[in-house]
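Quick notes on the structure that follows.
The values are calculated or read from the model by the stated rules, or taken from the named source; none is laboratory data. Please read these numbers as outputs of a predicted model, since none were measured by experiment. Counting neighbours? That spans all protein chains shown, and the Cβs are built from the backbone with ideal geometry, glycine included.
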Amino acid sequence: MGAKVSSGGGKKGMEPNSDPNVIPFIDILLVLLIIFMVTAPIPTVDIRVDLPPPNPVPIRLEGLNPTIVGVRETAAGLQVFVDEEIVQSGNLGEIALNHAIRNNPALNTEDVYAEARLFVRADQSTAYGNVVNVMSQLQEEGFAKVGIFAELASEG
């Protein structure tokens, strides 16, 4: 309990102080803030995003047909599709390569890895981590151009 010194008047003693002491409260809040800042999770997954140039340049896809890799969460678990064919996660790279070769017959196998476009498609109920896992698995298989397929939400 603190005391207030009287600045005159008839009483010669100390009067009780009714003002709360907030300094310990502020100290505790600052310590908690520091603890929360230090223990906050750091993002560990990076996705490389190649942004388009500031002035739109038409993309030339002549002879390059994209391969669509679908990711869906069902009651049975996560399902991955390559051009609507159900794929096991262990065979994703091989089947994606076969579909990319079929979709781009003008490219040889080495060029398919460098030039074929693979688009990962998922709905909003699919967990972000599952989409990133499929994208990273395709990139680890050697595909250079893996992107996300986005559609505008239909109103109504």
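Below are the figures for this structure:
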item	result
Condition met for Ile59 (β-branched (Val, Ile, Thr), at pLDDT 85 or above, over 23 Å from the mean Cα position of the chain (by Cα) and not in a helix (DSSP H, G or I))	no
Leu51 being among the hydrophobic types (A, V, I, L, M, F, W, C), surrounded by fewer than 14 Cβ atoms within 10 Å (Cβ to Cβ), out of contact with any Gly (no Cβ under 9 Å at 6 or more places or on another chain) and at pLDDT below 80	yes
Candidates Asn130, Asn98 - the one that is at pLDDT 85 or above and out of contact with any Leu (no Cβ under 8 Å at 6 or more places or on another chain)	Asn98
Residue tally, condition modelled with pLDDT under 85 and either assigned to a helix (DSSP H, G or I) or surrounded by fewer than 10 Cβ atoms within 10 Å (Cβ to Cβ) (or both), over region 21-48	7
Residue check, Arg72 modelled with pLDDT under 85 and either closer than 27 Å to Gln124 by Cβ or not assigned by TED's automatic domain parsing to the domain that holds Gln124 (or both)	no
Scan of region 1-20 for residues that are surrounded by 10 or more Cβ atoms within 10 Å (Cβ to Cβ) and at pLDDT 75 or above, ordered by number	Met14, Glu15, Asn17
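Each row is one residue, and each column tells you yes or no for (1) assigned to a helix (DSSP H, G or I); (2) of a type in the set (Gly, Ala, Ser); (3) farther than 16 Å from Ala144 by Cβ.
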site: Leu64; (1), (2), (3): no, no, no
site: Glu73; (1), (2), (3): no, no, yes
site: Gln79; (1), (2), (3): no, no, yes
site: Glu94; (1), (2), (3): yes, no, yes
site: Asp111; (1), (2), (3): yes, no, no
site: Asn130; (1), (2), (3): yes, no, yes
